[in-house]
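Below you'll find the structure, written out as structure tokens, and then a few comments.
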Amino acid sequence: MIVSSNGLSVIVPAYNEEKNILKILQNLNEQTLSGFEVVVIDDGSQDNTASIVKNYTSSKYKLTLVQQQNMGAAQAREKAINAATSTYIAFVDCDDALSADALEQAIKPMLENDDIGISLFELIHTKSHADLNRTSFKYYTDSTLIKGEDALTHCISSWGLHGFGIYKKKILTKAYNTYYKYNKDRINYINNDEIISRICFGMARLIFLSSGKYYFIHNLESTTRKVNINYYKVINNACYLKGYLAAEKKSGSFDYISEAYKLLVSTVWGVSVRYIRWRHLFNKEVKAEWRKAIKKAVDDLRLDNINHSVRLNKKSTVQLFIIYYLLVRI
């Protein structure tokens, strides 16, 4: 199957990925789909990532290299989206891989049905490319075609879908603009893309669940999976999602706000767990920043709970109690 380069752009963020960049370029060259565009966004790499991309020639796709100073994965993705010329956008990380038919299986229904705004790959978790012990992401539904609004309701406090797939560029652009109404300073809070994916779900009329496989490699050396002294900042994004849902998702019988509070509590819980694991690696100033962020979130949550503006479920209440007495009061 052939598409034009302005039909589909595959974005590959890269930072010091000289060990993986050639593998993903070759993987994309093995796709049954051809004619698409690949945009590698080099986020200020200090190794040979850029030169490998410059010297690679594909027989299947147009390859574009975009370089920037090191600004993080969130800014890299957004810059690549702006640089892409296509109607449809897909994201693939350097250390992951696609089945040979992944792009074709995902984009074909989008080209046949304009109401489909997102087409997700089948997500496969594995430890390496050669590892046969693989597990598939479990969707909340057995349907292959679902309404975007229904998808959003199952992806607030937990992930009933994943975010790996092909998106209409206009939905991505609209979601970014919506997100920046809340993150007004456009700061990288580590997981900006997770909040934007949720907003995209709510904006899409239909979402298709394709059979094309995305192999998520659990690589402990990945730059996105190492200890991150700024990880506590993800609390901000949980707050922004709560604000977005409160302001823009008021209709219907679904309780968006309670789901948003569940996410906020679980996010603070996750940050607290990481603080306990990583704090021996932090200096005094970094520890203070983490504790300040945790304390503010917990105090706000406890106040909302006391004022009955939100009723937390049992799990969230227990987590909040443990965080308060283990980290905030000491």
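The values are calculated or read from the model by the stated rules, or taken from the named source; none is laboratory data. These figures come from a predicted structure and were not determined experimentally. Ideal geometry is used to build each Cβ from the backbone, glycine not excepted, and the neighbour counts take in all protein chains shown. Surface areas here come from the heavy atoms of the whole protein model, side chains and all, with no ligands, DNA or RNA. Shrake-Rupley method; radii C 1.70, N 1.55, O 1.52, S 1.80 Å.
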Can you list residue pairs whose Cβ atoms sit under 8 Å apart, with the first residue in segment 179-196 being free of Cβ contacts under 8 Å to residues at least 40 places away in the same chain and the second being open to solvent by 60 Å² or more (accessible area, probe 1.4 Å) and assigned to a loop (DSSP other than H, G, I, E, B)? Count only pairs 6 or more apart in sequence or on different chains. TYR180/ARG186
All but one of (1) of a type in the set (A, V, I, L, M, F, W, C); (2) part of a loop (DSSP other than H, G, I, E, B); (3) open to solvent by 20 Å² or more (accessible area, probe 1.4 Å) hold for CYS94, so report the exception by its number. (3)
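Quick check on ILE156: is it over 16 Å from ALA80 (Cα atoms) and β-branched (Val, Ile, Thr)?
yes
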Considering (1) part of a helix (DSSP H, G or I); (2) under 25 Å from ILE124 (Cα atoms); (3) open to solvent by less than 10 Å² (accessible area, probe 1.4 Å), say which one VAL53 fails and leave the rest. (2)
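Does ASN133 meet the test of being of a type outside the set (Gly, Ala, Ser), open to solvent by 60 Å² or more (accessible area, probe 1.4 Å), farther than 23 Å from TYR61 by Cβ and not in a strand (DSSP E or B)?
Spelling it out, ASN133 is indeed of a type outside the set (Gly, Ala, Ser), open to solvent by 60 Å² or more (accessible area, probe 1.4 Å), farther than 23 Å from TYR61 by Cβ and not in a strand (DSSP E or B).
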So in segment 259-309, with the set limited to residues that are within 22 Å of THR153 (Cα to Cα) and of a type in the set (Val, Ile, Thr), which one is nearest to the chain's Cα centre (by Cα)? THR267
Could you please find all residues in segment 286-315 being at pLDDT below 80 and either outside any helix (DSSP H, G or I) or closer than 25 Å to VAL227 by Cα (or both)? ASN307, HIS308, SER309, VAL310, ARG311, LEU312, ASN313
Subset tally (residues that are more than 15 Å from the chain's Cα centre (by Cα), over 16 Å from ALA175 (Cβ atoms) and small (Gly, Ala, Ser)) for segment 71-99: 4
